[in-house]
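Q: Before I ask anything, let me first share the structure, which is written out below as structure tokens.
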Amino acid sequence: MAGARETQIHGHVSKGFEPVMDAFRDNFVSRGELGGACCIYLHGEKVVDVWGGVRNKGTGGPWLEDTMVLVHSATKGFAAMTLALAHSRGWLDYDERVATYWPEFAANGKADITVRQLLAHQAGLFAFEATVDKVVVADLDRLAHVLANEKPAYPAGVRQAYHALSLGFYQGELLRRIDPRHRSLGQFFQDEIATPLGADFYILLPETIPNSRLAHLTQAGMLKMIFSMPFPMTLAIFNRKSEIYRALLTNPGAGIVIDERTVYARNLEVPSGGGVGNARGMARVYSAFASGGAELGLRRVTLEALKAPALPSANGFYDDGIRAEAQFSLGFMKSSREWPVGSPSAFGAPGAGGSLAFADPETGIAFAYVTNRMSAKMLSSARDQALQRALASVLADHRPRDEHIGSVDAQRAGQRAIARAD
């Protein structure tokens, strides 16, 4: 296998975006990249589309143009898009109670939980008491019964705790209730978003995708994770009673999306952590949101809601699961000091291991990065930060009067924030 300095980088960048290509190449040289891809759109135009490395460390098989990979919680952004589309179609009010659309949800103290609180990880439903395994997840009616009977850990809006896997299951059943055709979230995403946009991204990965198109993940290693995470988070990960342990590692646990025979689970929807795709497809979808949403029929009122600042719980933005501050709004993560991505209007989602995708309507940027060498950090890695710094430098170098670039000051502020987080 070729050494890191000999890694072949494929694809193209538009004139002026060469620093992003350089940063992508440097990820292999000095930041331990194995295989990955990065794609960026600006005002609907693809300006960066690069890939390289190997998709399978064991065989040395190369990362190809159409290689796809599991992106874990970056899936949350795409699940949130389905409800945003439902909002634009008048099927859903973010400030309405979930039980208005799904009456059974009201059981066991959940009657007053609003859609907004659920999507902001403020519903107290971060883990399950009843058994949730592959058999339950595959049976949407059975899963809906389990979800409806769960009891929240605290009253809605009082605290925030990362709903690592549970959120997507609740979103899925909510969408089934309000969609006139009662489709699953994964099917709705494919029908209404991915297929119309020609995007290679699946929340419901079909059997027809050959294993050869799928990259194999390489884990960071336990010791590296221990020394890379903040100490409070490390303690929580090893505490079987902690919010994050129960939310992420058990019942069903993030491993539910892995299948040794087919690389990733097929025909199984895990809307908060089971999305599989490539950077090109992810950036293409986010580009529709970054460019005003007309391609998907997104109304301005919906886009303005997505751009708006997150609303904190009564306990602020401190997250009992992540053990740090995090800002969530309408199913997306919002740009903040702790997770700086573009301007304050930006929204997206990171995935465990390093994958990341977001839209920034203020600048017209849609960004996606995927990798198969998992980072030990929870929300970002040195690799995606390097790519973002390069992008910020490109945008900052353009003259302020260039209407295709947007606010240079905002980009410089974002660049400084990323540097602080590095």
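The values are calculated or read from the model by the stated rules, or taken from the named source; none is laboratory data. Here the structure is a predicted model, which is why all the values come from computation and not from measurement. Heads up, the Cβs are rebuilt from the backbone with ideal geometry, glycines too, and the neighbour counts pull from every protein chain shown. Please note that ligands, DNA and RNA were not included when accessible areas were found on the heavy atoms of the full protein model with its side chains. Shrake-Rupley method; radii C 1.70, N 1.55, O 1.52, S 1.80 Å.
Q: Got a number for carbon plus sulfur as a percent of segment 76-131's accessible area, 1.4 Å probe?
A: Ligands and nucleic acids excluded, carbon and sulfur reach 43 percent.
Q: For GLU325 and GLU65, compute 0.36 nm times the residue count separating them, minus their Cα-Cα distance, and round to one decimal in nm.
A: Stretched fully, the GLU325-GLU65 segment lengthens by 90.0 nm.
Q: Cα to Cα, under 20 Å, and not fewer than 8 places away if on the same chain: which aspartates and glutamates meet these conditions relative to LYS134?
A: GLU150, GLU173, GLU207, ASP259, GLU260, GLU269
Q: Okay, next question. In nm, give the distance between the simple-model label positions of ARG337 and VAL29, each being 7 Å from the Cα along the Cα-to-Cβ direction.
A: If labels sit at ARG337 and VAL29, their model points lie 3.4 nm apart.
Q: What does the highest-first list of 77-87, 108-118 look like by mean Cβ count within 10 Å?
A: Listed from highest to lowest mean packing, they are 77-87, 108-118.
Q: Next question. Amide H neighbours of LYS334 under 5 Å, counting only residues 5+ apart in sequence or on other chains, H built in-plane at 1.01 Å?
A: GLN327, PHE328, SER329
Q: Quick one: Karplus J couplings for segment 107-122, per residue in order, coefficients 6.51, -1.76, 1.60, θ = phi - 60°, nearest Hz, x for Gly and Pro?
A: Ordered by residue, 3J(HN,Hα) equals 4, 6, x, 10, 4, 9, 5, 8, 4, 4, 5, 4, 6, 9, 6, 10 Hz.
Q: Which order, highest average first, do 290-302, 19-31 follow once you tally other Cβ atoms within 10 Å for each residue and take the mean per peptide?
A: 19-31, 290-302
Q: Next up: Cα-Cα over 19 Å: which of LYS151/LYS241; LYS110/LYS151; LYS76/LYS334?
A: Going by Cα-Cα distance, every pair falls inside the 19 Å limit.
Q: When you take every Cα atom in segment 109-263, what is the radius of gyration, and what is Dmax, the widest Cα pair distance, in Å?
A: Cα-based Rg and Dmax for segment 109-263 come out at 17.3, 49 Å.
Q: Under the rule of at least 5 residues apart or a separate chain, name every residue whose amide H is placed under 5 Å from the amide H of ASP179.
A: When sequence neighbours closer than 5 places are left aside, there are no close amide H contacts.
Q: Moving on. Using helices alone, what [θ] at 222 nm do you get for the chain, with -39,500 (n - 2.57) per DSSP H run of 4 or more residues, divided over all residues and rounded to the nearest 500?
A: Calculated at 222 nm, the ellipticity per residue is -9500 deg cm²/dmol.
Q: How about LYS15: which lysines have a C-alpha closer than 23 Å to its C-alpha, ignoring those fewer than 8 places off in the same chain?
A: Qualifying lysines at Cα under 23 Å: LYS46.
Q: Let me ask another. R0 = 41 Å: FRET efficiency of GLU96 with GLU260, Cβ-based, nearest 0.05?
A: Using R0 = 41 Å, I get an efficiency of 0.45.
Q: If packing is taken as the average count of other Cβ atoms within 10 Å, what order do 95-101, 367-373 fall into, highest mean first?
A: Highest mean packing first, the order is 367-373, 95-101.
Q: Still on this structure, please answer the following. Cα to Cα, under 17 Å, and not fewer than 8 places away if on the same chain: which lysines meet these conditions relative to LYS377?
A: LYS224
Q: Per 20 Å bin, what is the whole-percent P(r) computed from every C-alpha pair distance within the chain?
A: 29, 61, 10
Q: Taking only Cα atoms and a 10 Å spring cutoff, compute GNM fluctuations for the chain and point out the largest among ALA349, ALA382, ALA138.
A: ALA138
Q: Would you please name the trypsin sites (Lys or Arg not before Pro) within segment 168-224 that are DSSP coil residues with at most 10 other C-beta atoms within 10 Å of their C-beta?
A: Those that pass, being in a loop and sparsely packed, are ARG181.
Q: What whole-number value in Å² describes the accessible area per residue of segment 123-233 for a 1.4 Å probe?
A: 43 Å²
Q: Would you grab the residues whose amide H sits under 5 Å from the one on TYR162? Only those 5+ places off in sequence or on another chain, please, with H modelled 1.01 Å from N.
A: Placed amide hydrogens put ASP320, GLY321, ILE322 under 5 Å from TYR162.
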